[in-house]
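Colleague: Quick one: the structure is below, and I'll ask about it shortly.
The values are calculated or read from the model by the stated rules, or taken from the named source; none is laboratory data. From a predicted model like this one, the values you see are computed outputs, not experimental measurements. Cβ placement follows ideal geometry from the backbone for every residue including glycine, while neighbour counts extend to all protein chains displayed. Remember, those area values only see protein heavy atoms, side chains included, never the ligands or the DNA or RNA. Shrake-Rupley method; radii C 1.70, N 1.55, O 1.52, S 1.80 Å.
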Amino acid sequence: MKGDIADAALVKGLLARCDAVVNFAAESHVDRSILDSTECFETNVRGTLVLLEAARQAKVARFLHVSTDEVYGDMAPDKWAVETSPLHPSSPYAASKASAEMLVMAYQHTYGVPAVITRASNNYGPYQFPEKFMPLMIANALDRKPLPVYGDGRQERDWIHVEDHCRAIDLVLRGGRTGEVYNIGYGEPRANLDVLHTLLELLDRPASLIQYVTDRPGHDRRYALRSDKITRELGWRPEHSFEDGLRSTAAWYQSHGEWIARVRGGEYREYYERHYQRRDETLSGVGKP
Ligand code: DAU
């Protein structure tokens with residue numbers, strides 16, 4: 001036995017008594033994938049292959065693969081992605097997630113692994129690691145540190161509360177049709193700057209904290225998802241309005257200063273330094289000329 005198959009044999013033992021596999025595991029940060037794509041490939045592609053092979057061998061009854069709207073790539077201002085839209089991943093992260101999806105589909109088609117895929121938009125909520133936009137901006141604003149906005153800040157994302165995402169995953173796990181894909185989005189793309197101004201109001205901090213920094217290489221301008229399929233088939237709808245979700249999220253970070261301090265130590269500090277304080281130098285080594 002070689003490499004991935006040997007790893008799968010090990011994982012198979014762990015899956016023997018599992019009813020289902022829900023593959024949340026991923027290197028999930030686009031910026032990190034731009035600095036170094038290898039870990040992204042290892043975890044998101046090879047890791048998925050190992051899990052699929054183990055699930056096949058252990059004859060697991062359900063395999064739900066958690067994917068992302070980033071597989072659709074940049075959406076023009078008037079366009080919305082539905083499950084049958086073509087995949088045009090832009091970043092190494094997005095490409096790794098699209099690749100993993102191809103493997104999931106191949107295992108479903110070839111070996112009958114009972115797999116289903118979900119594609120969600122940007123999550124926010126408690127306990128999110130502050131490398132992501134929402135917790136990074138909240139944590140910096142609380143400390144009155146600069147808020148690093150990439151490019152012109154007019155890029156649009158469709159924010160969904162993590163609890164709504166998890167409820168959708170639970171519904172798809174129980175009732176989604178094998179071999180199908182389900183989009184999970186809030187349905188209202190918003191510009192980063194607009195989100196940031198709302199956050200600043202909630203946190204009572206001045207807009208002067210905003211600092212425009214060099215854009216992310218290959219930055220997608222807009223993600224926009226239609227989630228009619230999961231609503232129609234499984235009755236899912238987001239329950240957290242964006243306004244209430246943002247308010248409770250800001251309040252959560254305000255009352256969890258110790259947690260923020262703990263996760264911002266160690267490796268994060270080094271990443272922050274490299275990615276933000278030495279941004280131009282770091283990006284000049286990896287970005288487009
Ligand atoms: O769309 C779903 C995806 O959302 C998930 O698949 C990814 O795992 C997740 O990381 C997220 O990807 P994004 O690249 O959209 O999320 P991020 O929080 O990194 O950035 C959100 C937007 O904010 C994006 O347009 C880049 C911008 N941004 C981000 C950071 C971290 C800034 O302007 N400044 C920042 O410091």
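Colleague: Once fully extended, how much extra length lies between E201 and K59, figured as 0.36 nm per residue of separation less the alpha-carbon to alpha-carbon distance?
Modeller: Numbers: separation 142, 0.36 × 142 = 51.12 nm, distance 5.16 nm.
Fully extending the segment from E201 to K59 adds 46.0 nm.
Colleague: By DSSP, what percent of the beta bridges with both residues in the chain are antiparallel, rounded to the nearest 5?
Modeller: Details: 2 of 23 bridges.
Roughly 10 percent of the DSSP beta bridges within the chain come out antiparallel.
Colleague: Go ahead and estimate [θ] at 222 nm for the chain from helices alone: -39,500 (n - 2.57) per DSSP H run with n ≥ 4, summed, over the residue count, rounded to 500. Write out the running numbers ahead of the final one.
Modeller: On the way: 12 runs with 127 residues, N = 289.
Taking each H run of at least 4 residues, the total per residue is -13000 deg cm²/dmol.
Colleague: For each pair in K79/K145; K59/K132; K79/K132, compute the distance between the two Cα atoms and list the pairs where it is over 29 Å.
Modeller: Values: K79/K145 36 Å; K59/K132 36 Å; K79/K132 25 Å.
Beyond 29 Å: K79/K145; K59/K132.
Colleague: Compute the distance from the alpha-carbon center of the stretch 249-289 to that of the stretch 106-158, in whole Å.
Modeller: Each part's Cα centre sits 14 Å from the other's.
Colleague: Accessible area per residue of the chain at 1.4 Å probe, in Å²? List each step's numbers first, then the result.
Modeller: Working: 13740 Å² over 289 residues.
That works out to 48 Å² for each residue.
Colleague: If each residue of separation counts as 0.36 nm, what is the full-extension length gain between H219 and T178 once their alpha-carbon separation is subtracted? Don't jump to the answer; show the numbers that get you there.
Modeller: On the way: separation 41, 0.36 × 41 = 14.76 nm, distance 3.29 nm.
Using 0.36 nm per residue and subtracting the Cα-Cα distance, I get 11.5 nm.
Colleague: Now for a different question. Where the centroid of each part is defined by its Cα atoms, how far is the stretch 171-237 from the stretch 1-72 in Å?
Modeller: 24
Colleague: Taking the Cα-to-Cβ direction at A9 and at V22 and moving 7 Å from each Cα, how far apart do the two end points lie in nm?
Modeller: Label-label distance for A9 and V22, simple model: 3.1 nm.
Colleague: If I take R0 = 41 Å and measure r between the Cβ atoms of Y111 and R226 in this structure, what FRET efficiency does the formula 1/(1 + (r/R0)^6) give, to the nearest 0.05? Intermediate results must be reported in sequence, preceding the final value.
Modeller: Details: r = 31 Å, r/R0 = 0.75.
Here the calculated transfer efficiency is 0.85.
Colleague: Rounded to the nearest 0.05, what FRET efficiency do D170 and R262 give with R0 = 25 Å and r taken as the Cβ-Cβ distance? Could you check? Intermediate results must be reported in sequence, preceding the final value.
Modeller: On the way: r = 29 Å, r/R0 = 1.16.
The computed FRET efficiency comes out at 0.30.
Colleague: Still on this structure, please answer the following. Which residue, Y111, Y93, Y150, tops the fluctuation ranking in a GNM of the chain built on C-alpha contacts under 10 Å?
Modeller: Y111
Colleague: For the stretch 2-274, give the percent of accessible area contributed by carbon and sulfur heavy atoms, probe 1.4 Å, rounded to a whole number.
Modeller: On the way: 6460 of 12470 Å².
Carbon-and-sulfur percentage of accessible area, whole number: 52.
Colleague: Just how large is the dipole of the chain about the Cα centre, in debye to the nearest 20, putting +1 at every Lys and Arg Cβ and -1 at every Asp and Glu Cβ? Intermediate values should be presented prior to the final figure.
Modeller: Values: 36 positive and 41 negative charges, 102 e Å.
Using Cβ point charges on Lys, Arg, Asp and Glu, the chain gives about 500 debye.
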